Amino acid sequence: MKYLARGLTITFALAVLSGCATSRSRLTLDVPSPGSAVVSGGKPIVIDAVRDARTFEADPNDPSTPSLKKGAGYRLDAEQRKQAIARKRGGFGHAFGDILLQSGNVESLTRELVVNALASRGYSVVPSDAAPSDAPHVSVDIRQFWAWFTPGMWSASIEARVETLLDIADPKGKRQLDVKGYGYNAIQVARDANWQLAYERAFKDYLKQFDQAAANNGL
């Protein structure tokens, strides 16, 4: 009973200390720098569009599915929804408040992530009107950009996942790259820094997976 009581106390603490689980929070995320020294002056490439193609559900059973808190005070319009990056949960797994970006949105962050990934491959992103006729063109669909909290008896975890589908067109033809990044962070308290660390690991994994996928597809 003593250990059970301790476990319930820890579970309760995780719920209480998870950044006010029932309220909406704002979070700042930083994208890692490119994995190489090539940032400018590389081969020109054009990013035509970055689109948030995520699908949100109401109260999904799977916490990794993007969801939004119900209630008139928590409704988000189409532009605000692009800022949603996570959903907080209580000690027993019930979904509560959501987490939005402090500034920018998932499209601007993903664009920065892709720009840095391309820089690591020796590319420099340029405007369409400044690109040579044979420069590759890239469009990016964001399939996943979400983090979630999973409670436990003695500890808990925050996981983050980023997935993009890139459509590429160049003189070699048209092709697609499906790139995923995943970050895991075992925690005791779901404070802001732990959400940020999960995303930092997901971003770094994304850059690594991007490099491998690009090399395998001639980019």
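The values are calculated or read from the model by the stated rules, or taken from the named source; none is laboratory data. Because the structure is predicted, anything quoted here is derived from the model rather than measured. In this analysis, Cβ positions are derived from the backbone assuming ideal geometry, glycine residues included, and neighbour counts consider all displayed protein chains. These area figures cover heavy atoms from the full protein model, side chains too; ligands, DNA and RNA do not enter into them. Shrake-Rupley method; radii C 1.70, N 1.55, O 1.52, S 1.80 Å.
Before moving on, here are some points about what is shown:
- The residues Tyr199, Tyr184, Tyr123, sorted by heavy-atom accessible surface at 1.4 Å with ligands and nucleic acids left out, run Tyr184, Tyr123, Tyr199 from largest to smallest.
- Inter-site label distance for Ala193 and Asn216 at 7 Å from Cα along Cβ, in nm: 3.7
- Gained length - Lys208 relative to Phe56, 0.36 nm times residue gap less alpha-carbon distance: 52.0 nm
- Using a Förster distance of 41 Å, the FRET efficiency for Asp129-Ala186 (Cβ separation, nearest 0.05): 0.30
- Column: log10 I(q)/I(0), Debye, Cα scatterers of the stretch 81-219, q = 0.09, 0.16, 0.19 Å⁻¹: -0.33, -0.84, -1.07
- To the nearest 10, the accessible area of Phe210 is 0 Å² with a 1.4 Å probe.
- Listed residues Thr55, Thr150, Thr110 arranged by accessible area, highest first, probe 1.4 Å: Thr55, Thr150, Thr110
- Here Arg191 sits with roughly 130 square angstrom of accessible surface, probe radius 1.4 Å.
- Exposure rank, largest accessible area first [Lys174, Lys82, Lys204; 1.4 Å]: Lys174, Lys204, Lys82
- Two-decimal Rg to Rh for the stretch 129-186 - Kirkwood Rh, Cα set: 1.28
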